[in-house]
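Asker: Structure incoming, see below.
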Amino acid sequence: MADEYQYDEKENFDGKKVKVLGATYETGKAEGCSDWRAKLETRDEKVNYLKSALRYWYSKDWYGSEKRKQEV
């Protein structure tokens, strides 16, 4: 498995040469955009999706770095 990966040789902060893991993704193209509304069937599913997707902007319960956001 280790033979599958590409390694690059870079210099670290001390100037020593170290092996760094290269790109590990598979090349390809997007198959096209999909409509999230087509994936959800009922109105309740759509509303729940929007509530969770927009939680960052409209929620009163903030977590982590979101606590720094000023309430308007």
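The values are calculated or read from the model by the stated rules, or taken from the named source; none is laboratory data. These numbers come from a predicted model, not from an experiment. Here Cβ is always computed from backbone atoms with ideal geometry, including for glycine, and neighbour counts include all displayed protein chains.
Asker: Kindly indicate the residue of the range 24-52 that is of a type in the set (Gly, Ala, Ser) and more than 30 Å from Tyr7 (Cβ to Cβ) and also surrounded by the fewest Cβ atoms within 10 Å (Cβ to Cβ) among those meeting that condition.
Answerer: Gly32
Asker: In the set Arg55, Arg68, which member is surrounded by 10 or more Cβ atoms within 10 Å (Cβ to Cβ), modelled with pLDDT under 80 and not aromatic (Phe, Trp, Tyr)?
Answerer: Only one candidate passes the filter, namely Arg55.
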